[in-house]
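Quick notes on the structure that follows.
Nothing in this text is a laboratory measurement; each read-out follows from the coordinates by a stated rule. Computed from a prediction, not measured in an experiment: that's the story for all the values here. Here the Cβ positions follow ideal geometry from the backbone for every residue, glycine too, while neighbour counts run over all protein chains shown.
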Amino acid sequence: MTPFSRPYLYLLFLLLGSAGSASAQFVSAGPLQPRQLAIVINDDEPNSVEVGDYYRKRRNIPPENVVHVRIPGKPRSLSPERFAQLKSHIDAALGPQVQAVLMIWTAPYAVECNSLTGAYTLGFDPAQCAKTCAAGRPSAYFNSGTRRPFSELGLRLSMLLPTESVQQAKALIDRGVASGFRVVPASAYYLTTSETSRNSRAQFFPQAGKIAARKLTTKRLASDALENVHDIIIYQTGMAQVAKLETLGFVPGALADHLTSLGGDLLGEGQMSSLRWLEAGATASYGSVSEPCNYWQKFPNPAVLLKHYVQGDSAIEAYWKSVAWPTQGLFIGEPLAAPYRAR
């Protein structure tokens, strides 16, 4: 079931410079640009309108890349028919230069068992809903070197920027913008926890060490939570509820997610919502909207995510490249954050 061989994993670690060599070479790829991103604003949701206007100005999104839709009532999930109408309306407004789409609202975030972002980018997959614990549909973008996913693969990446709080949404946008100014010393944390079934991706945790060219330290811990740590650029763990988030500090551009069944059910009341990561100070996150079982392929692969992020990809690119089967997974946050872009 695992397509990664040990030699391939070793190659990934070499690319990451995880042995601590200061001479490690990096390919500084150009991240997604504002002119390649479209934003979608829900005119029936005042928070979406206000945050969308703020994002457009902060990121200098071209006026022709702004799409307005109407989704009354903030439904958590759309029917396939309603989703098809929404997607058709958005796509018809986009030029060929647009490689990614940011939807600025909290809900809707699902299309039946598919995430809204999975359905938009890959197309709605009804087969996954027949058995949500079945293997997912592979993404051609997984761990790819593609610079223009729509032009080269016919896939427009997508992400959701939540708007439950206008103040928090604007702070999130500001963190994404701030991440582009300079590289700061930071650490990537990978936790193997006591919830054994949620440790399925621990085999892909990068080796502990330093990536000197990026002022980055990678750390592997056997613990259920971090506490009083203030240099986080990546935090990946496996827990239904992640404790002590209020004690943490995230640097601008930080990515954080937890492998659990329903992190992408943003407004659900069961397991911890991925919104908690953004509220704690992360800039982007990921979670599943329906029961995926613990396939590592349905969650961000730690080695692949780190590799692409430190090589200069934006948050939306690195996160999408890290998930092999993304149908059920919801990508949230500020897509253009790119702390390791070429300067």
Pairwise centroid distance, computed over Cα atoms, of region 238-290 with region 158-197, Å: 9
Net charge near TYR54 (other residues with Cβ under 12 Å of its Cβ; Lys, Arg +1; Asp, Glu -1) is +1
Where does each of LYS170, LYS131 land when they are ranked from fewest to most other beta-carbon atoms within 10 angstrom? LYS131, LYS170
Which are the unpartnered cysteines of the chain, meaning those with no other cysteine Cβ under 4.7 Å from their Cβ? none
Taking the chain, how many lysine pairs are there with alpha carbons less than 17 Å apart, if each pair must be eight or more places apart or span two chains? 9
Among TYR286, TYR54, TYR120, which comes first, second and so on when ranked by fewest other beta-carbon atoms within 10 Å? TYR54, TYR120, TYR286
Given [x] 55, 44, 36; [y] 82, 57, 41; [z] 51, 44, 40, which label gives Cα extents along the principal axes in Å as computed from the coordinates? [z]
Is the C-alpha gyration tensor of region 88-196 telling us rounded, prolate or oblate? Criteria: a/c under 1.5 is rounded; beyond that, a/b larger than b/c is prolate, otherwise oblate. rounded
Sequence of ILE332, ILE232, ILE39 once ranked by neighbouring C-beta atoms within 10 Å, starting from the fewest: ILE232, ILE39, ILE332
Expressed as a whole-number percentage, the relative contact order of the chain with C-alpha contacts under 8 angstrom and at least six residues apart is 21
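Around PRO339, with a cut-off of 15 angstrom between Cβ atoms, what is the net charge of the other residues, counting Lys and Arg +1 and Asp and Glu -1?
+2
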Structure-based [θ]222 nm, the chain - -39500 (n - 2.57) summed over DSSP H runs of at least 4, per residue, nearest 500: -7500 deg cm²/dmol
